[in-house]
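What follows is a short report on a single structure.
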Amino acid sequence: MKNKNYTSSEKQSPVAMFNTLCYLLLLLHFSLSQGLTFPQDISALKAFKASIKPTSIPSWSCLASWDFAAADPCALPRRTHFTCGIICSIDSTRVTQITLDPAGYSGQFTPLLSQLTQLTILDLSDNSFFGSIPSSISSLRSLQTLILKSNSFSGSIPDSVTTLKSLESLDISHNSLSGPLPKTLNLLSGLRRLDLSYNQLTGFLPKLPYNLLELALKGNSLSGYISNSSFDGLTQLEVVELSENSFTGTLGAWFFLLPALQQADLANNSLKRVEISKPSGGNSDLVAIDLGFNHIEGNAPTDFVNYPQLSSLTLRYNRLRGAIPLEYSKKKSLRRLFLDGNFLIGRPPSEFFGGDTWVSGSLGNNCLVGCPGSSQLCSPSQKPYEVCKQAYGRKPMA
């Protein structure tokens, strides 16, 4: 049987195909190593670095390695230039993340950063950036995480930030922002975490984004009532931190019935009344509530014991009167109880002082009688008799 004749090219076709593939891979590697960063991204990065005071860029920092004359920002590998601070797309053409190190950089937020239209993460936290947040930030349509915390940004929060539909996490805490919260804050439909704590924000709470998991606005000058309309539809909200503001009025029972609520801190406000009702079906995830340092009047609310997982209750330094509810001493899940600084009277439940007591906290600085001085719960000591008599207009009931 005669052998079939093959041409030399046919005999080598598998080898040729393999060689071609290797050549293409080498070309791809060469292309990636050279970098193909879009010109608009490069100009945005250059403008960003130029906006930062050179004297605030340490030699060991990420920004010090940004040498545009020596390398393309997205070129691989990054051994000596652009060693940190940016991450690029897989094809090395677009900048997708800027995460600066906390090196003390000082400068302003250049509007030209808006050219980085594929940016998903912008983190400038723990530095010394100052000035306003430009409205052009709305051009960062792909942005999912914006972290500007612990800087010196001032001015108002631009309304344009509420057009960032992809935003999931927003943290501008510990700055010097002022003015009201954007009225259209609820348009951030993808937002899961919002932290604007420790600024100088004023005004009322607007309607909040309905997908929020965590809300932190503590340490501002927000005021007015905490309204049900602001929290309407927030079925996933787990953590609320509104302490150190100027909220007033009545905190309605609806608040504690938010279906996913686990922790709420409303201490250091001017709340005057709290309404509590039993959770539907006896089901609630509420674990910790802090209402200390308000102006809450009336008796200590008993219905908190109907929240099955409640382990920490703080009502300290309000204007509560009457006896400590006996139900508090029978709730086994309750591990921390702070009722100090009120005008509570009578004898505290003896269950708090048994050998197997499970509660820590304080019942001090009230008008109680028979609170054992040997118990840490009774520290500090009770109010002077004359103070209690004046508060009740008569001799306090034992």
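Being of a type outside the set (Lys, Arg), open to solvent by less than 60 Å² (accessible area, probe 1.4 Å), under 24 Å from Ser333 (Cβ atoms) and in contact with a Gly (Cβ under 6 Å, 6 or more places away or on another chain) narrows it down to one residue among Ala260, Ala288, Ala267; which is it?
Ala267 is the lone residue from the list that is of a type outside the set (Lys, Arg), open to solvent by less than 60 Å² (accessible area, probe 1.4 Å), under 24 Å from Ser333 (Cβ atoms) and in contact with a Gly (Cβ under 6 Å, 6 or more places away or on another chain).
Return a yes/no flag: does segment 237-253 have any residue that is more than 26 Å from Leu177 (Cβ to Cβ) and either open to solvent by 40 Å² or more (accessible area, probe 1.4 Å) or not aliphatic (A, V, I, L, M) (or both). Spell out the reasoning first.
The first filter runs over segment 237-253 and keeps only residues more than 26 Å from Leu177 (Cβ to Cβ), leaving 250, 252-253.
Add one more test, that the residue is either open to solvent by 40 Å² or more (accessible area, probe 1.4 Å) or not aliphatic (A, V, I, L, M) (or both), and what stays is 250, 252.
Among the residues of segment 237-253, at least one is more than 26 Å from Leu177 (Cβ to Cβ) and either open to solvent by 40 Å² or more (accessible area, probe 1.4 Å) or not aliphatic (A, V, I, L, M) (or both), which makes the answer yes.
Residue by residue through segment 58-72, note down the ones that are in contact (Cβ under 8 Å) with a residue 12 or more places away in the chain, of a type in the set (Ser, Thr, Tyr) and either part of a loop (DSSP other than H, G, I, E, B) or touching a helix residue (DSSP H, G or I) at 6+ places or on another chain (Cβ under 8 Å) (or both).
Correct list: Ser61 only.
So in segment 52-72, with the set limited to residues that are surrounded by fewer than 16 Cβ atoms within 10 Å (Cβ to Cβ) and of a type outside the set (Gly, Ala, Ser), which one is nearest to Phe129 (Cα to Cα)?
Residue satisfying both the conditions and the ranking: Lys53.
Does at least one position in segment 199-208 carry a residue that is hydroxyl-bearing (Ser, Thr, Tyr), more than 23 Å from Ile289 (Cβ to Cβ), open to solvent by 30 Å² or more (accessible area, probe 1.4 Å) and touching a residue at least 24 places away in the same chain (Cβ under 8 Å)?
yes
Please work out which residue is farthest from the chain's Cα centre (by Cα), limiting yourself to segment 182-196 and to residues that are in a loop (DSSP other than H, G, I, E, B) and surrounded by 22 or more Cβ atoms within 10 Å (Cβ to Cβ).
Restricting to residues being in a loop (DSSP other than H, G, I, E, B) and surrounded by 22 or more Cβ atoms within 10 Å (Cβ to Cβ), the top hit is Leu188.
Can you name the residue in segment 346-378 that is in contact with a Cys (Cβ under 7 Å, 6 or more places away or on another chain) and closer than 19 Å to Leu313 by Cβ and, of all such residues, is surrounded by the most Cβ atoms within 10 Å (Cβ to Cβ)?
Leu363
Would you mind stating whether Ser277 is within 21 Å of Ile226 (Cβ to Cβ), touching a helix residue (DSSP H, G or I) at 6+ places or on another chain (Cβ under 6 Å), part of a loop (DSSP other than H, G, I, E, B) and open to solvent by 10 Å² or more (accessible area, probe 1.4 Å)?
So Ser277 fits the description; yes.
So, Lys46, is that one modelled with pLDDT of 95 or more, surrounded by fewer than 17 Cβ atoms within 10 Å (Cβ to Cβ) and more than 18 Å from Leu148 (Cβ to Cβ) or not?
Here the answer is yes, as Lys46 does meet what is asked.
For the structure I just gave you, tell me whether Ile133 is out of contact with any helix residue (DSSP H, G or I) (no Cβ under 9 Å at 6 or more places or on another chain) and either aliphatic (A, V, I, L, M) or surrounded by fewer than 22 Cβ atoms within 10 Å (Cβ to Cβ) (or both).
Here the answer is no, as Ile133 does not meet what is asked.
For segment 309-329, which positions are open to solvent by 10 Å² or more (accessible area, probe 1.4 Å), without any contact (Cβ under 8 Å) to a residue 40 or more places away in the chain and in a strand (DSSP E or B)?
Answer for segment 309-329, where residues must be open to solvent by 10 Å² or more (accessible area, probe 1.4 Å), without any contact (Cβ under 8 Å) to a residue 40 or more places away in the chain and in a strand (DSSP E or B): Ser312, Arg319, Gly322, Ala323.
Do we have Leu222 as at pLDDT 95 or above, under 25 Å from Glu168 (Cα atoms) and in contact with a Gly (Cβ under 7 Å, 6 or more places away or on another chain) here?
Criteria met by Leu222.
Please determine, by comparing only the residues of segment 156-168 that are in contact with a strand residue (DSSP E or B) (Cβ under 8 Å, 6 or more places away or on another chain) and open to solvent by 30 Å² or more (accessible area, probe 1.4 Å), which one is nearest to Cys88 (Cα to Cα). Please lay out each step first, then the result.
The first filter runs over segment 156-168 and keeps only residues in contact with a strand residue (DSSP E or B) (Cβ under 8 Å, 6 or more places away or on another chain), leaving 156-157, 161, 164, 167-168.
Applying the additional criterion that residues be open to solvent by 30 Å² or more (accessible area, probe 1.4 Å) yields 156, 168.
On the way: Ser156: 31, Glu168: 20 Å.
Going through the qualifying residues, I end up with Glu168.
Tell me which residues, restricted to segment 79-91, are crowded, with 17+ Cβ neighbours inside 10 Å and farther than 11 Å from Asp41 by Cβ.
Of everything in segment 79-91, those that are crowded, with 17+ Cβ neighbours inside 10 Å and farther than 11 Å from Asp41 by Cβ turn out to be Phe82, Gly85.
Under 8 Å between Cβ atoms, at least 6 apart or on separate chains: pull out the pairs that start in segment 356-374 with a residue that is without any contact (Cβ under 8 Å) to a residue 12 or more places away in the chain and end on any residue that is in a loop (DSSP other than H, G, I, E, B).
As it stands, the answer is Gly373/Ser381, since those pairs meet every condition given.
All but one of (1) buried (at least 17 other Cβ atoms within 10 Å of the Cβ); (2) of a type outside the set (A, V, I, L, M); (3) more than 22 Å from Gln309 (Cβ to Cβ) hold for Gly233; which doesn't?
(1)
Can Ser138 be described as within 19 Å of Leu119 (Cβ to Cβ) and either in a loop (DSSP other than H, G, I, E, B) or free of Cβ contacts under 8 Å to residues at least 24 places away in the same chain (or both)?
no
Answer yes if at least one residue in segment 144-155 is within 18 Å of Ser114 (Cα to Cα), at pLDDT 95 or above and out of contact with any Leu (no Cβ under 9 Å at 6 or more places or on another chain), and no otherwise.
no
Out of (1) over 17 Å from Leu222 (Cβ atoms); (2) of a type outside the set (D, E, K, R); (3) touching a residue at least 40 places away in the same chain (Cβ under 8 Å), what's the single condition that is false for Leu164?
(3)
The values are calculated or read from the model by the stated rules, or taken from the named source; none is laboratory data. Worth saying up front: this structure is predicted, and the values here are computed from it rather than measured. Here the Cβ is made from the backbone with ideal geometry for all residues, glycine too, and neighbour counts use every protein chain on show. Accessible surface is based on the protein model in full, side chains and every heavy atom, while ligands, DNA and RNA are left aside. Shrake-Rupley method; radii C 1.70, N 1.55, O 1.52, S 1.80 Å.
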